[in-house]
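Undergrad: What follows is a structure written as structure tokens; I'll ask about it next.
The values are calculated or read from the model by the stated rules, or taken from the named source; none is laboratory data. Values in this document were obtained by computation on a predicted structure and should not be read as measured data. No Cβ is skipped: glycine too gets one built from the backbone with ideal geometry, and neighbour counts run over all protein chains shown. Surface areas here come from the heavy atoms of the whole protein model, side chains and all, with no ligands, DNA or RNA. Shrake-Rupley method; radii C 1.70, N 1.55, O 1.52, S 1.80 Å.
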Amino acid sequence: EEKLNLLLLLDVSGSMKFYLEQVGKRAKGILDLLRPEDRAGVMVFTKDTDYFRPFTADKDRVVFALDQALRPTDLPSGTAINAALVDASEAFREARGLSGYRSVIIL
């Protein structure tokens, strides 16, 4: 019964170049499982992280953010997954008004 606050943490490094379409399909499939009261956010990472979409219950905004995030013009090399997880936890701390469960899915 608790709300879910889900952060989709997406690897957009150069090694993922050929998999970005699959990542997008999987992420959108995950969104389809969310209930109307659940919230989702989008964060991408390579060597650095970028918070693409703060938490929202508006799935259309999350899908738009996914589409934008998975069309990078430059795919840098390097993947700092540990730093991305730290940044993801900080995103939860900084988000105002989140109640319920918190989860991160890394794609």
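Undergrad: Treat each spin label as a single point 7 Å out from the Cα along the C-beta direction, and report the Leu4 to Asp50 distance in nm.
TA: 2.7 nm
Undergrad: Okay, moving on. Calculate the length of the line joining the C-alpha centroid of region 7-58 to that of region 73-92, in whole Å.
TA: Each part's Cα centre sits 12 Å from the other's.
Undergrad: Can you give the angle from 0 to 90° between the axis of helix 81-94 and the longest principal axis of the chain, with both taken from C-alpha atoms, to the nearest 10?
TA: Rounded to the nearest ten degrees, it is 30.
Undergrad: Another question about this same structure. The chain: longest stretch without exposed GluC sites (Glu not before Pro) (DSSP loop, at most 15 other Cβ within 10 Å), sites themselves excluded?
TA: Value returned for the longest uninterrupted segment is 38-107.
Undergrad: Next question, about the same structure. Which whole-number value in Å³ per residue fits the convex hull of the alpha carbons of region 1-51?
TA: So the per-residue Cα hull volume is 71 Å³.
Undergrad: Amide H neighbours of Leu7 under 5 Å, at least 5 residues apart or on other chains, H built in the peptide plane: list them.
TA: Residues meeting the criterion, in which the H sits 1.01 Å from N, are Gly41, Ser103, Val104, Ile105.
Undergrad: Give the percent of DSSP beta bridges with both residues in the chain that are antiparallel, rounded to the nearest 5.
TA: 30 percent
Undergrad: Using the Karplus curve 6.51 cos²θ - 1.76 cosθ + 1.60 with θ = phi - 60°, what ³J(HN,Hα) values do you get for each residue of region 96-107, in whole Hz, with x for Gly and Pro?
TA: Karplus-based 3J(HN,Hα) across region 96-107 equals 8, x, 7, 10, x, 6, 10, 8, 10, 10, 9, 10 Hz.
Undergrad: Local charge sum around Val23 (other residues, Cβ-Cβ under 14 Å, Lys/Arg +1, Asp/Glu -1)?
TA: With Lys, Arg at +1 and Asp, Glu at -1, the net is +2.
Undergrad: Which log10 I(q)/I(0) values does the chain give at q = 0.11, 0.23, 0.24 Å⁻¹ under the Debye formula, counting every alpha carbon as one identical point scatterer?
TA: Values returned for q = 0.11, 0.23, 0.24 Å⁻¹ are -0.30, -1.28, -1.37.
Undergrad: Quick check: pseudo-label points 7 Å beyond the Cα along Cα→Cβ at Leu98 and Val86, how many nm apart are they?
TA: 1.8 nm
Undergrad: Let me ask another. Ignoring ligands, DNA and RNA, what percent of the accessible area of the chain is carbon or sulfur (1.4 Å)?
TA: 50 percent
Undergrad: Using bins 5 angstrom wide from zero, how does P(r) for region 39-82 break down, in % of all Cα pairs?
TA: Result returned by the calculation: 6, 22, 28, 21, 14, 8, 1.
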